[in-house]
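In what follows, a single structure is set out as structure tokens and then discussed.
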Amino acid sequence: MFRGAIVAIVTPFKKGKVDEETLRSLVEFQIENGTDGIVPCGTTGESSTLSHEEHDRVIEIVIDAVRKRVPVIAGTGSNSTDEALRLTRHAYEAGADGALMVCPYYNRPTQEGLYQHYKIIAESVPIPIVPYNIPGRTGVNLLPETVAKLAKISNVVGIKEASGSLKQMHDIIDLCGEEFSVLSGDDFFTFPLLAIGGKGVISVISNIAPADTASMIDAFEAGDVKKAKALHYKMVPLIDMLFIETNPVPVKAALAIMGKISYDVRLPMYKMSDANYEKLKVAMKNYGLIP
């Protein structure tokens, strides 16, 4: 159902508040550059430091700004099933096309607990659901066998996979079949994942290089593997710099350098060290994003 270059869009702030006008301009920048979908309120959108009111509002702004031109997959995950259910219901009622739901973090549920968490929400809200597996942040790994069980639920349509294991991604594709959308949760793995049957990426680098990310996937799908590989290798040095410190700090710094947002993150996120900031600027210059 969901495929291609899907951006995990940042939430721009100005003087500590959500900058609604700039968020709308970021949506336009993405659509103009061929992005295939937009995820508000993901990890890159600093969902963990948004109030409930801000979280709902950011999703509403993005849905309104997109105007059905591409799918909006709203981040609605929580470590509380009741809270995730509320967020998912709001996204559905607001008109989102799907819900991206991170595995419950901190409380480290069993595989059965993970299954029941997603199952009850999927059965309660008729919206396409994409679980998000990122063990490095959540402390729990959603295993391929559990994903296969979830894939039997009609509105669990894919997974954002950031386990760091290409073998795990392979096993999910093998167990869940061609119709299930396995999307990379790590920009470095997008090209390798496409090669084994993945459908695309929910991307950080798309915030600053949307056209190249979309072109890489489009080229691969058109059979031009040489072009897709070249774009992958072009992007890797910049991807490395976007994760030199904790996401989304570097990508927000990059967008600020490009003049698209204010360089404003919320504690406990903090601005980059001076040394890493300069390395990021060099990478951006080498890429051609800044003069």
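Numbers at a glance
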quantity: Environment charge of Ser25, counting only residues whose C-beta is closer than 13 Å and scoring Lys/Arg +1, Asp/Glu -1; calculated: -2
quantity: Low-density loop positions, chymotrypsin sites (Phe, Trp or Tyr not before Pro), the stretch 80-153 - DSSP coil, at most 13 other Cβ in 10 Å; calculated: Tyr106
quantity: Cα centroid separation - the stretch 156-231 against the stretch 242-291, whole Å; calculated: 24
quantity: The chain: DSSP helices with Cα axial extent of at least 24 Å and average Kyte-Doolittle hydropathy no lower than 0.0; calculated: 225-242
quantity: Förster radius 45 Å - calculated FRET efficiency between Ala148 and Asn276, Cβ distance, rounded to 0.05; calculated: 0.65
quantity: Other-chain or far-sequence residues with amide H under 5 Å of Val102's (modelled H); calculated: Thr76, Gly77, Ser78, Tyr132
quantity: Antiparallel content of DSSP bridges confined to the stretch 4-225, in %, to 5; calculated: 10
quantity: Coil-residue trypsin sites (Lys or Arg not before Pro) of the stretch 239-291, DSSP, other Cβ within 10 Å capped at 16; calculated: Arg266, Lys271
quantity: Segment Glu28-Ile290, length gained on full extension (0.36 nm per residue, minus Cα span); calculated: 92.3 nm
quantity: Shape call, the stretch 44-99: gyration tensor on alpha carbons, a/c limit 1.5; calculated: prolate
quantity: Entries in Lys199/Lys229; Lys252/Lys281; Lys68/Lys227; Lys14/Lys260 that, when Cα-Cα distance is taken, lie over 18 Å; calculated: Lys68/Lys227
quantity: Stokes-Einstein translational diffusion, the stretch 4-225 - Kirkwood Rh over all Cα pairs, 0.890 mPa s, 25 °C, in µm²/s; calculated: 143
quantity: In the stretch 124-219, the trypsin sites (Lys or Arg not before Pro) that fall in loop regions by DSSP, at most 11 other Cβ within 10 Å; calculated: Lys152
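Readers should treat all values here as calculations from the given coordinates under stated rules, not as data from a laboratory. Here the structure is a predicted model, which means the values were calculated and not measured. We place every Cβ from the backbone using ideal geometry, glycine too, and count neighbours over all the protein chains shown.
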